[in-house]
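The values are calculated or read from the model by the stated rules, or taken from the named source; none is laboratory data. The shown structure was predicted, so the numbers you read here are calculated from the model rather than taken from an experiment. With ideal geometry, Cβ positions are generated from the backbone for all residues, glycine too; neighbour counts draw on all protein chains shown.
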There are 2 protein chains.
Amino acid sequence: QPITNDLVVAGFLNDNAPDFKALTIFIEHRYYGETAPFGSLDKAFDNTNNLGYFTSAQALADYAEVLMSLKKNLSAESCPVIVMGGSYGGMLASWFRLKYPHIAMGALASSAPILYFEDIVPQDIYYVIATNDFKEASMNCYKTIRKSWSTIDKIASQANGFSLLSKKFKTCKPISDSSELKNYLDSMYNKAAQYDAPPGYPVNQICDAIDKASKTTTDTLSRIAAGFIALNGKQKCYDLQAGNSLTYDKLGWYWQTCTDLVIPMGKNRDNTMFPVAPYNLNNYTKSCQAIFDDTVKARPHWIVNEFGGHDIKRVLKKFGSNIIFSNGLRDPYSGGGVLQNISNTLVAIKAAKGSHCLDIQYSSKDDPIWLTKMRASIIKIMKDWLAEYYKML
Amino acid sequence: QPITNDLVVAGFLNDNAPDFKALTIFIEHRYYGETAPFGSLDKAFDNTNNLGYFTSAQALADYAEVLMSLKKNLSAESCPVIVMGGSYGGMLASWFRLKYPHIAMGALASSAPILYFEDIVPQDIYYVIATNDFKEASMNCYKTIRKSWSTIDKIASQANGFSLLSKKFKTCKPISDSSELKNYLDSMYNKAAQYDAPPGYPVNQICDAIDKASKTTTDTLSRIAAGFIALNGKQKCYDLQAGNSLTYDKLGWYWQTCTDLVIPMGKNRDNTMFPVAPYNLNNYTKSCQAIFDDTVKARPHWIVNEFGGHDIKRVLKKFGSNIIFSNGLRDPYSGGGVLQNISNTLVAIKAAKGSHCLDIQYSSKDDPIWLTKMRASIIKIMKDWLAEYYKML
């Protein structure tokens, strides 16, 4: 996404920079936002040759060039640099510290699923954790959702089924395929789990409404619709296609997940509340070729070859230093995160109640104590890094 | 150069692989030898767009892909990999260990001048060391060479001067410019110093002949010619242009030294036996543009930004492990090498009498004891790495 999106959310830097007397630098990733190689996004995305320079490794090299050039221009060669980011940005932060230790002396990798590649973690770990979030909120809610997919299919297959579904979910346009609704709900539950943050706690919003409806109706669809409406707020009608338009930012992420960051996420077993949908590399490649062209091949091994991942504890035990891997354990992506200390200076910080990237957001007086403590631990570690850095200078 | 050139010289692997029960793998660097992207070398070198993929970073990524794919195909995922190389190959070996610790558990970087970038070491360090090699062989030899450049210029400026020079050096084609001869001799002395290895010891060959001639003539040119002829052996005539044809391998190295590995070598002070010839980035860029096209810009900061180099001791003290930096101190390139231990596992091995890349060549029963000892130290360290690797497995 454009860096401007991050600026208004990732407030951890702005909150803490004054105390560190730090210069904050936000560097936009090439091909996102307004960072268009070849002069314009139209040209940058024009063909797969031009897209060939759209990789995480190239982005890291950009950061290196920008930071080194800034250091020179500001006569700040010996100033320590700490890089940070969340989600994919967190992966980039940890990889940057590993690949460019001469530029960044430390990294905060928030909610960075750097192990969600090849077969390092189970393909369905994301969905298992999301399911657990719902189970924790309410077993009735979990069971209702788990049952709902076949209910939707059953209704859709009946005469007037689509009309019934459209009416139940007050869709702006009539539903013409049950997968429209199922995909929407699937994604809605996952996002709710991923961003299940205070003060809203969307998982609770959904489950409270489902549980409340369960007291007055045994109809699964009515219960699901209650959760759907509670989360979205009362509207005249609901647009299931909202946000589905294909921006360059979205296309860019497709490009990266096709060629660079091939995350093998799949619901390969019937152990979640979601319908089974196994990951299949061939189908994945076909969908990539449908978006781009036939020359595009998914590269499922690239990230692991380039940045590692297997046996990370053994490999990095005596290699690398000064990386914080922070995770909220209710974040489905934490399943691909580093959750154990690798060494004294490669540390995992976990918040049992945390969700995706909470720690790097702006602090607020309504923050729960565990979140305030999480941020304090991170700052304490960074200050230790800096003290040692200046001692060794 | 093509990997086939290395195969017949870099015998350290073949000499020791059986003892380690190791598989030896020689991977050719892209764009050299027969490793032609875009289907052929003609196409690969056709334009600067195609040459854009010709970088050290891309070569490292190739090695990663090849090694990981081999490991998978051979079911050798947990087999330790040690990478090694000499000169530029030594740089690649050390950088590979730093960037791909998950693939290579150790590296031998033989005669790798990874610090010969930006202003990390003096620009003339190469020529200072080469000069010292000649001084050590004979002060008379050093003085004769140092004086010879102006002598050559003086003669060249006289009537029949070129004819006299051509006759003195028995050139196959008449000399038409004094720089022809001076460039040849300059390069000859440097190569002699760089490869001043047993049993031939070319610096001694040159200096012995110069000293011998000095007993019978005071003529500087005759003394220099004696050194020249002694090194090249008796021939009917001497071709100063021999080996000057522009192969793709040579063009490739020009490309890399223009865009990737910009080594600022220059004789900026009158403190060597060579004529003063300062390094100048503008002129350097112009010569690159003359070879390729006007879009080519020398990137003097790239290597340092990508791989580091400044304050290497501080930066790597707690980062990285298992790299041997081996250098022969009579090798002019050792001036850009890592000559001090950085940590317990980032170690410098130095041979006071050694020249360029001697340690990774085939052993021979005529090897001096210090060379045999140098190789034994390297093998001892590698065995320690392996013992620890298997312990941690």
* To do: Go through (1) within 23 Å of residue A:132 (Cβ to Cβ); (2) surrounded by 18 or more Cβ atoms within 10 Å (Cβ to Cβ) one by one and return the number of the condition residue A:340 breaks.
  => (2)
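Within 14 Å of another protein chain (Cβ to nearest Cβ) and either hydrophobic (A, V, I, L, M, F, W, C) or surrounded by fewer than 24 Cβ atoms within 10 Å (Cβ to Cβ) (or both): does that describe residue A:162? Show your work before the answer.
Details: within 14 Å of another protein chain (Cβ to nearest Cβ): no; either hydrophobic (A, V, I, L, M, F, W, C) or surrounded by fewer than 24 Cβ atoms within 10 Å (Cβ to Cβ) (or both): yes.
It is false that residue A:162 is within 14 Å of another protein chain (Cβ to nearest Cβ) and either hydrophobic (A, V, I, L, M, F, W, C) or surrounded by fewer than 24 Cβ atoms within 10 Å (Cβ to Cβ) (or both).
Just one of A:347, A:296, A:276 is surrounded by fewer than 16 Cβ atoms within 10 Å (Cβ to Cβ) and either touching a Lys or Arg at 6+ places or on another chain (Cβ under 9 Å) or more than 18 Å from residue A:120 (Cβ to Cβ) (or both); which is it?
Numbers: A:347 fails: surrounded by fewer than 16 Cβ atoms within 10 Å (Cβ to Cβ); A:296 fails: surrounded by fewer than 16 Cβ atoms within 10 Å (Cβ to Cβ).
Just one listed residue meets the conditions, A:276.
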* Can you tell me which residue within segment A:118-137, out of those that are within 12 Å of another protein chain (Cβ to nearest Cβ) and in contact with a Pro (Cβ under 8 Å, 6 or more places away or on another chain), is nearest to residue A:263 (Cα to Cα)? => A:118
* How do the helices (runs of 4 or more DSSP H) wholly within segment A:267-352 filter down when requiring 3 or more residues that are in contact with a Gly (Cβ under 9 Å, 6 or more places away or on another chain) and more than 14 Å from every other protein chain (Cβ to nearest Cβ): which remain? -> none
* **Close pairs (9 angstrom Cβ cut-off, 6 or more residues apart or separate chains): away from chain A (no Cβ under 14 Å) and farther than 14 Å from residue B:12 by Cα in segment B:364-393, among the basic types (Lys, Arg) and surrounded by 15 or more Cβ atoms within 10 Å (Cβ to Cβ) anywhere** => B:368/B:353; B:370/B:353
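Pull up segment A:100-112, narrow it to residues that are hydroxyl-bearing (Ser, Thr, Tyr) and more than 12 Å from chain B (Cβ to nearest Cβ), then point me to the one that is nearest to residue A:17 (Cα to Cα).
A:110
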* Can you tell me which residue in segment B:178-211 is farthest from residue B:9 (Cα to Cα), limited to those that are in contact with a helix residue (DSSP H, G or I) (Cβ under 8 Å, 6 or more places away or on another chain) and of a type in the set (D, E, K, R)? -> B:211
* Asked: For segment A:218-254, which residues satisfy the criterion of being more than 27 Å from residue A:129 (Cβ to Cβ) and within 24 Å of the chain's Cα centre (by Cα)?
  -> A:239, A:241, A:245, A:246, A:247, A:248, A:251
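In this structure, does residue A:252 turn out to be of a type in the set (Gly, Ala, Ser), in contact (Cβ under 8 Å) with a residue 40 or more places away in the chain and within 14 Å of another protein chain (Cβ to nearest Cβ)?
Numbers: of a type in the set (Gly, Ala, Ser): yes; in contact (Cβ under 8 Å) with a residue 40 or more places away in the chain: yes; within 14 Å of another protein chain (Cβ to nearest Cβ): no.
Spelling it out, it is not the case that residue A:252 is of a type in the set (Gly, Ala, Ser), in contact (Cβ under 8 Å) with a residue 40 or more places away in the chain and within 14 Å of another protein chain (Cβ to nearest Cβ).
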* Asked: Within segment A:52-99, which residues are under 14 Å from residue A:303 (Cβ atoms), of a type in the set (Ser, Thr, Tyr) and away from chain B (no Cβ under 14 Å)?
  -> A:88
* Structure fact -> From the option list A:364, A:326, A:377, single residue qualifying as in contact with a helix residue (DSSP H, G or I) (Cβ under 7 Å, 6 or more places away or on another chain) and either at pLDDT 95 or above or more than 25 Å from residue A:95 (Cβ to Cβ) (or both) is A:326
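Using the structure shown, decide if residue A:159 is at pLDDT below 95 and either over 23 Å from the mean Cα position of the chain (by Cα) or assigned to a helix (DSSP H, G or I) (or both).
Numbers: at pLDDT below 95: yes; either over 23 Å from the mean Cα position of the chain (by Cα) or assigned to a helix (DSSP H, G or I) (or both): yes.
In short, yes.
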